[in-house]
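Novice: Here you go, one structure.
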Amino acid sequence: MIKIFSDLFNKKEEVFVPGLKVDMHSHLLPGIDDGVEDLEQSLETIKALIALGYETLITTPHVMGGVYNNDAALLLKKRDEVRAYAAGKGIKINLEASAEYFLDEVFMDMLKNDKSKLLPFSGNHILIETSFMYPSPYLDEAIFLLQASGFKPILAHPERYIYLHEDWDRYCELHDKGLLFQLNLSSLTGYYSPMVRKIARKLIDAGRVNFVGTDCHGARHIPVLQKAIKDEYYKKAIALPLLNNSLLS
Ligand SMILES: [Fe+2]
């Protein structure tokens, strides 16, 4: 159970909702993508996520050829810096680092030619994303090669891909292949768009959600996460057999 507080008639009222202890999608390593910019922002965001009930944060900076050229060594170095900074300030958090891999030629080259460059997280999971607008020419091949190599691919925020919105059969096809789906909690609030919220609800109703994630890029996302965990569909989502807490190390 996680504890949240709300101000009601100037009186602090405690509200308890069942929660998740593990988040596996966020951008909390400073200065390497469009997430937090420095150690102070990183710590401020981590503290806010702890207040939401999280004990383990598997943070996943973007890896995208030519835009975010983050390799595994840099991700681990940054993770260690944040760990040390948090510990120095007395903040207790299990912080792990992986990545959100954009499906592009750079990713496919790593997958085909040097898998040791990939940085999976607990259980050999790899988080992948595509363009929001256009289908990826690499998606089916990436799923096949990842699975053939013993990885478990997870599609980040399937509800956000505009090219999938009118193609429910494709969602089912991908999920039935074993591509795991990670829903963004913020999608439940309509934060991205009413259509994204509609698809998020449809995925939950169909039981086609394996993980939920914050996709938190910094303190600016905390209010929407606070709102999301009060949504009726949050309760439905966490009633699904989610894999989040199975990642506890
Ligand atoms: Fe993300």
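The values are calculated or read from the model by the stated rules, or taken from the named source; none is laboratory data. Remember, it's a predicted structure, so these values are computed and weren't measured experimentally. Here Cβ is always computed from backbone atoms with ideal geometry, including for glycine, and neighbour counts include all displayed protein chains.
Novice: If you check R220, R201, which single one turns out to be on the phi < 0 side of the Ramachandran plot, more than 16 Å from the ligand (Cβ to nearest atom) and of a type outside the set (V, I, T)? Give the derivation first.
Specialist: Numbers: R220 fails: more than 16 Å from the ligand (Cβ to nearest atom).
Among R220, R201, only R201 is on the phi < 0 side of the Ramachandran plot, more than 16 Å from the ligand (Cβ to nearest atom) and of a type outside the set (V, I, T).
Novice: Looking only at the range 14-51, which residues are part of a loop (DSSP other than H, G, I, E, B) and at pLDDT below 95?
Specialist: So the first thing to find is which residues in the range 14-51 are part of a loop (DSSP other than H, G, I, E, B), and the list is 18-21, 24-25, 27-38.
P18, G19, L20, K21, listed by residue number.
Novice: While we're here: When only residues in the range 201-223 that are within 18 Å of G35 (Cβ to Cβ) and under 15 Å from the mean Cα position of the chain (by Cα) count, which is surrounded by the most Cβ atoms within 10 Å (Cβ to Cβ)?
Specialist: Here is the first cut: in the range 201-223, the residues within 18 Å of G35 (Cβ to Cβ) are 213-223.
Filter once more, keeping what is under 15 Å from the mean Cα position of the chain (by Cα): 213-218, 221-222.
Numbers: G213: 24, T214: 26, D215: 25, C216: 29, H217: 17, G218: 19, H221: 23, I222: 18.
Top of the filtered list is C216.
Novice: I've got another one for you. Which residues, taken from the range 146-162, are under 23 Å from L247 (Cα atoms), more than 16 Å from the ligand (Cβ to nearest atom) and not basic (K, R)? Walk me through it before giving the result.
Specialist: Looking only at the range 146-162, we keep the residues that are under 23 Å from L247 (Cα atoms), and these are 146-159.
Checking which are more than 16 Å from the ligand (Cβ to nearest atom) leaves us with 146-152.
Selection gives L146, Q147, A148, S149, G150, F151.
Novice: Let me ask you something else. Scan the range 118-160 for residues that are touching a helix residue (DSSP H, G or I) at 6+ places or on another chain (Cβ under 9 Å) and among the aromatic types (F, W, Y) and jot them down.
Specialist: F121, F132, Y134, Y138, F151
Novice: Hey, another quick one. For residues that are surrounded by fewer than 21 Cβ atoms within 10 Å (Cβ to Cβ), of a type outside the set (V, I, T) and part of a loop (DSSP other than H, G, I, E, B), tally how many sit in the range 53-69.
Specialist: Step one: of the range 53-69, the residues surrounded by fewer than 21 Cβ atoms within 10 Å (Cβ to Cβ) are 53, 55-56, 62, 64-69.
Adding the requirement that they be of a type outside the set (V, I, T) leaves 53, 55, 62, 64-66, 68-69.
Of the ones still in play, those that are also part of a loop (DSSP other than H, G, I, E, B) are 53, 55, 65-66, 69.
Going through the range 53-69 one residue at a time, the tally reaches 5.
Novice: Regarding the range 166-175, can at least one residue be identified that is surrounded by fewer than 19 Cβ atoms within 10 Å (Cβ to Cβ) and under 23 Å from F107 (Cα atoms)? Even if it seems obvious, please write down each step before you answer.
Specialist: The first filter runs over the range 166-175 and keeps only residues surrounded by fewer than 19 Cβ atoms within 10 Å (Cβ to Cβ), leaving 166-170, 172-173.
Next cut, under 23 Å from F107 (Cα atoms) only: 170, 173.
Checked against the condition, which is being surrounded by fewer than 19 Cβ atoms within 10 Å (Cβ to Cβ) and under 23 Å from F107 (Cα atoms), the range 166-175 yields at least one hit.
Novice: Of these, N124, N70, which one is polar (S, T, N, Q) and within 16 Å of the ligand (Cβ to nearest atom)? Outline the logic, then answer.
Specialist: Numbers: N124 fails: within 16 Å of the ligand (Cβ to nearest atom).
Just one listed residue meets the conditions, N70.
Novice: While we're on this one: Has the range 225-245 got at least one residue that is β-branched (V, I, T) and touching a Ser or Thr at 6+ places or on another chain (Cβ under 9 Å)?
Specialist: Narrowing the range 225-245 to residues β-branched (V, I, T): 229, 238.
Next, from what is left, pick out any that are touching a Ser or Thr at 6+ places or on another chain (Cβ under 9 Å): none.
Taking every residue of the range 225-245 in turn, none turns out to be β-branched (V, I, T) and touching a Ser or Thr at 6+ places or on another chain (Cβ under 9 Å).
Novice: Identify all residues within the range 182-195 that are away from the ligand (no atom under 14 Å from the Cβ) and under 17 Å from F132 (Cα atoms); write none if there are none. Outline the logic, then answer.
Specialist: Filtering the range 182-195 down to residues away from the ligand (no atom under 14 Å from the Cβ) leaves 188-190, 193-195.
Within the range 182-195, G190, S193, P194, M195 meet the criteria.
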